[in-house]
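K.L.:
Sharing a structure here in structure tokens format.
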Amino acid sequence: MAYIAVVTTVGTHAQAQAMARTLVERKLAACAQLTDIESFYVWDGALQNERECRILLKTRAECYPAIEAAIRELHTYELPAILALPIEHIYPPYAQWIDDNT
């Protein structure tokens, strides 16, 4: 079984809580962790500096298409960042917990 960490950012902590709750309730992710961050990026040709909230989701690689679709459905951004990072090493009992909850 392959495992991934999916990362996205949203505009507010409340939006992150709602998205995290929905994705875990739908069993697309076993766990969602929220971190308030500050982002710098270029949008429409201008440098932006915004407060955002990062969501880190732990799941199985085979769930990626469904989790990406759900994030796109729930997201308010025109172009959401949706990244999946492979988990190369994982504690076997924790992997089993992810299996049991996705």
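K.L.:
Among the residues of the stretch 30-40, is there at least one that is farther than 12 Å from residue 6 by Cα and β-branched (Val, Ile, Thr)?
P.N.:
For the stretch 30-40, residues farther than 12 Å from residue 6 by Cα and β-branched (Val, Ile, Thr): present.
K.L.:
Based on what the data block shows, is residue 90 farther than 27 Å from residue 38 by Cβ and among the aliphatic types (A, V, I, L, M)?
P.N.:
Judged against the criteria, residue 90 is a match.
K.L.:
I need every pair where a residue in the stretch 21-41 that is modelled with pLDDT of 95 or more has its Cβ under 6 Å from the Cβ of a residue that is among the hydroxyl-bearing types (Ser, Thr, Tyr), sequence separation at least 6 or different chains.
P.N.:
27/102; 29/59; 30/102
K.L.:
Sort out for me the helices (runs of 4 or more DSSP H) sitting completely within the stretch 1-101 that have 1 or more residues that are of a type in the set (A, V, I, L, M, F, W, C), under 12 Å from the mean Cα position of the chain (by Cα) and surrounded by 12 or more Cβ atoms within 10 Å (Cβ to Cβ).
P.N.:
Those helices (runs of 4 or more DSSP H) span 13-25, 64-74.
The values are calculated or read from the model by the stated rules, or taken from the named source; none is laboratory data. Predicted, not measured: the structure shown is a model, and the values here were computed from it. So basically every Cβ, Gly included, is an ideal-geometry build from the backbone, and we count neighbours across all protein chains shown.
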